[in-house]
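The values are calculated or read from the model by the stated rules, or taken from the named source; none is laboratory data. Computed from a prediction, not measured in an experiment: that's the story for all the values here. Cβ: placed from backbone, ideal geometry, glycine included. Neighbour counts: every protein chain shown. Ligands, DNA and RNA are excluded from the accessible area calculation, which covers all protein heavy atoms including side chains. Shrake-Rupley method; radii C 1.70, N 1.55, O 1.52, S 1.80 Å.
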Amino acid sequence: MRRRVLDPTPHSGRRPVPGPRSRRGLRAVAAVVALLLVGACTTGGPTPVAPTVSASATEAPAADLAGYYGQRLTWSGCSSFECAKLRVPVDYADPASGDIELALLRVRASDQGKRLGSLVVNPGGPGGSGVDYAAAADRIVGQSVRRYFDVVGFDPRGVGRSAPIDCLDDSQMDTFLSTDPTPDDAAEQQQLLGEAKRMANGCEQKNPTLLPHVSTVDAAKDMDVLRAALGDAQLNYLGKSYGTFLGSTYADLFPKRVGRFVLDGVVPPDLTSAEMGEGQARGFELATRAYVRSCIDDGDCLLGDTVDGGMQWIRDFLARVDRDPLPTGDTAVPELNEAWASLGLGQALYDEGSWGILTDALREASNGNGAGLMALADQYADRDPGGRYTGNLLEVIYAVNCLDRPDSPDLAAYEGYAEEFAKSAPTWGPMLAWGALPCGEWPVTGGTPPHEIHAEGSNTIVVVGTTRDPATIYEWSKRLRDQLADATLLTRDGDGHTAYMRGNSCIDDAIDAYYVQGTAPEDGTTC
């Protein structure tokens, strides 16, 4: 949350919740939105319908990229899956300057005789592993989709197994995440600024060649090379959370090559850094209120008997651990302070299935033991009990976001954000206001400024939103749907991050039928 990150892999199977975490969840839903009560969801087993591809979708690539577009993938067994490497240029403006390899994983369609093509998936982040996500294919897409599509995941450039970005060692990351996310005075502001500079400088020093070229536009161009290497004239795609930003950017660049696209839990590409932080602050505030209401309804809630009272209890608790941290039992991070407690709280908000775990952790903390909340925070950070970070998500989040959405180097700007965000999100606003501080210190530029996406000429894109999503607020799904030239909005009335394959059969059936039959749900369908 304070990192202004998005759930990277909502349902990869790693944890019960929270990318920029889903994979490992993370971060930080909008004001109450009137639901669209139109349409009905399809049911039953869809009959496969092959896509129709226009001639304009098969135009030849630029001559200096022909070698990349013409490569053939060599698949080999890896566990029970197939893996390969894809070569892409480091710099698309100068392809001859060098290249890197992206890690791929494929789960073959169960009915190869009726195969409709490949479905490329991305779980979010930025920084979520598409390789790990695709390996969970049976849980991330419906059975009919598994039958007719090869599910293909890739680690985007800089992520996981694909020329991974590295900025801080484990001890430095502990310090970075331990820093007070809501500075109370000038000294604490300088401490937070120092950690922001350490992150930014570490990324530049350790990754001088790749760092300017890990923007979302770069990754979207990689996806088109992947499409060609897979032998598909158009890209079929499932993107969640940040993966929707990646997918809509692809649609902007290559509208004629958009096949069957689902964008679930939307991050609109025209959001500024401040808009991202303010929206996520409102999202987490709304999700926290939903959690408190659930706790009260369950009975014997330690937060009290009113939602407003419960929200105040949480704010008082965070202020208390800011002053007097709790023991964690973790030798590397022996104290649960406001920073770690907030990460643990935010982690549990990504999925309502974790709310009971959060209640137990808060009860334990109210009795003086911070171990339960620390365990949730570890999930958020992809950190194992021994203090080792198992992925580089928390570094990639900055490497990508700071290229895509630069922010101010002026500390006064973040003070202003904090004051403004707190008006609608008193619990989460100040923390998320300071979350993009490293982007004010970022040492490289090169991303495409925030802008609207229209994707004129694309096939129909299915945009999916959840009404009380903590990390990608519902109004963002409506915002992108209104921008796209050809799109339909599918709404899940519920809690938690993203909608597809989260137990709502109406949503799942509609998306499965779209992928397999090519028929999009009616615009405004609510489940």
Review point. If we scan region 235-246, do we find a residue that is of a type in the set (D, E, K, R), outside any loop (DSSP other than H, G, I, E, B) and not assigned by the TED database to the domain that holds S408?
Key: yes
Exercise for review: Output the number of the condition that E441 fails; it satisfies all remaining conditions of (1) open to solvent by 30 Å² or more (accessible area, probe 1.4 Å); (2) out of contact with any Lys or Arg (no Cβ under 8 Å at 6 or more places or on another chain); (3) of a type in the set (D, E, K, R).
Suggested key: (2)
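A quick yes/no check of all residues on (1) touching a His at 6+ places or on another chain (Cβ under 8 Å); (2) open to solvent by 10 Å² or more (accessible area, probe 1.4 Å); (3) within 30 Å of P212 (Cβ to Cβ):
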{"position": "H454", "(1), (2), (3)": "no, yes, yes"}
{"position": "P470", "(1), (2), (3)": "yes, no, no"}
{"position": "A499", "(1), (2), (3)": "no, no, no"}
{"position": "C506", "(1), (2), (3)": "no, yes, no"}
**Study point:** Index of the failed condition, D64 passing every other in (1) modelled with pLDDT of 95 or more; (2) open to solvent by 40 Å² or more (accessible area, probe 1.4 Å); (3) not in a loop (DSSP other than H, G, I, E, B)
**Key:** (1)
Check your understanding: What single numbered condition from (1) assigned to a loop (DSSP other than H, G, I, E, B); (2) buried (at least 24 other Cβ atoms within 10 Å of the Cβ); (3) touching a Pro at 6+ places or on another chain (Cβ under 9 Å) fails to hold for Y515?
Key -> (1)
**Study point:** Residue under evaluation R108, criteria (1) under 30 Å from L177 (Cβ atoms); (2) at pLDDT 95 or above, criterion not met
**Key:** (1)
Practice item. Using the structure shown, decide if T359 is surrounded by fewer than 19 Cβ atoms within 10 Å (Cβ to Cβ) and either of a type outside the set (G, A, S) or over 27 Å from I473 (Cβ atoms) (or both). Key: no
Check your understanding: Of the residues that sit in region 472-496 and are of a type outside the set (S, T, Y), buried (at least 24 other Cβ atoms within 10 Å of the Cβ) and out of contact with any strand residue (DSSP E or B) (no Cβ under 6 Å at 6 or more places or on another chain), which one is farthest from R289 (Cα to Cα)?
Key -> W476
**Study point:** Residues located in region 294-313, provided they are open to solvent by less than 40 Å² (accessible area, probe 1.4 Å) and in a helix (DSSP H, G or I)
**Key:** S294, C295, I296, V307, G309, G310, M311
Point to revise | Verdict on L432 being open to solvent by less than 10 Å² (accessible area, probe 1.4 Å), in the same structural domain as F284 (by the TED database), more than 30 Å from D138 (Cβ to Cβ) and more than 17 Å from the chain's Cα centre (by Cα) | key: no
Exercise for review: Report yes if L490 is at pLDDT 95 or above and closer than 16 Å to D264 by Cα, otherwise no.
Suggested key: yes
Practice item. For region 239-250, indicate whether the set of residues that are surrounded by fewer than 24 Cβ atoms within 10 Å (Cβ to Cβ) and either touching a Gly at 6+ places or on another chain (Cβ under 8 Å) or not β-branched (V, I, T) (or both) is non-empty. Key: no
Check your understanding: Say we look at region 373-389 and pick out the residues that are surrounded by fewer than 21 Cβ atoms within 10 Å (Cβ to Cβ) and out of contact with any strand residue (DSSP E or B) (no Cβ under 7 Å at 6 or more places or on another chain); which of these is nearest to G283 (Cα to Cα)?
Key -> A375
Check your understanding: What is the residue count in region 83-109 for residues that are out of contact with any strand residue (DSSP E or B) (no Cβ under 6 Å at 6 or more places or on another chain) and in a helix (DSSP H, G or I)?
Key -> 2
